[in-house]
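Remarks on the structure that follows.
The values are calculated or read from the model by the stated rules, or taken from the named source; none is laboratory data. The model shown is predicted, which means the values in this text are computed figures rather than measured ones. Quick reminder, even Gly has a Cβ in these numbers, built from the backbone with ideal geometry, and neighbours come from all protein chains shown.
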Amino acid sequence: MDLRINQQTYAVDADPDTPLLWVIRDDLGMTGTKYGCGLAQCGACSVLVEGNVIRSCVTPVSAVAGREITTIEAVENDAIGKRVVEAWVKHQVAQCGYCQSGQVMAATALLKHNAHPNDSEIEAAMVNLCRCGTYNAIRAAVHEVATTEGAA
């Protein structure tokens, strides 16, 4: 089957039930998307499918064939994704960094759909787990992008 990832098409020979995460990491060598829990609970595996955040560890590759998938490797090609990464650096969000690719993807999806979220909307959208507890820095970074002119 063909997968459209980061604006490139890849012919993938995988069982249709294979989780997208393993195709991205093992078959295509894009290791920025992380394995965390394998149960869609932590969000380390978050990627965008047509602008919406999904958990790639439980998404069968057959469910996303032919759809536009964006991984952390290409998030900065998107204007909002680029600003999210810049805000992450400015606010020194990452500590251990393991969850941060998923956090960046979730923040990018939020800001693409809601250019000016309030605290409640940020908390509702940013449900990925962070063992280091960087939630205040994450919120500050999201607000930074939301107040930047032309956020969406």
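Residues in region 34-54 that are surrounded by fewer than 22 Cβ atoms within 10 Å (Cβ to Cβ) and in a loop (DSSP other than H, G, I, E, B): LYS34, TYR35, GLY36, CYS37, GLY38, LEU39, ALA40, GLN41, GLU50, GLY51.
Here is the figure for region 1-47: residues that are under 17 Å from GLY66 (Cβ atoms) and in contact (Cβ under 8 Å) with a residue 60 or more places away in the chain total 7.
Which members of region 126-143 meet the condition of being over 15 Å from CYS96 (Cα atoms) and free of Cβ contacts under 8 Å to residues at least 40 places away in the same chain? Matches in region 126-143: MET126, ASN136, ARG139, HIS143. No other residue among CYS57, CYS132, CYS96 is in the same structural domain as GLY38 (by TED's automatic domain parsing) and part of a loop (DSSP other than H, G, I, E, B) apart from CYS57. Within region 60-74, the set of residues being surrounded by fewer than 21 Cβ atoms within 10 Å (Cβ to Cβ) and in a loop (DSSP other than H, G, I, E, B) comprises ALA65, GLY66, ARG67. Looking at region 75-83, is at least one residue touching a residue at least 24 places away in the same chain (Cβ under 8 Å), over 22 Å from LEU20 (Cα atoms), of a type outside the set (Ser, Thr, Tyr) and surrounded by 18 or more Cβ atoms within 10 Å (Cβ to Cβ)? Scanning region 75-83 turns up at least one residue that is touching a residue at least 24 places away in the same chain (Cβ under 8 Å), over 22 Å from LEU20 (Cα atoms), of a type outside the set (Ser, Thr, Tyr) and surrounded by 18 or more Cβ atoms within 10 Å (Cβ to Cβ).
Residues of region 1-33 that are of a type in the set (Lys, Arg) and in a strand (DSSP E or B): ARG4 alone. Whether any residue in region 99-116 is assigned to a loop (DSSP other than H, G, I, E, B) and within 26 Å of VAL23 (Cα to Cα) is what I want to check. Looking through region 99-116, at least one residue is assigned to a loop (DSSP other than H, G, I, E, B) and within 26 Å of VAL23 (Cα to Cα). Taking the options ARG55, ARG25, name whichever one is of a type in the set (D, E, K, R), in contact with a strand residue (DSSP E or B) (Cβ under 9 Å, 6 or more places away or on another chain) and modelled with pLDDT of 95 or more. Result: ARG55 is the single residue among ARG55, ARG25 that is of a type in the set (D, E, K, R), in contact with a strand residue (DSSP E or B) (Cβ under 9 Å, 6 or more places away or on another chain) and modelled with pLDDT of 95 or more.
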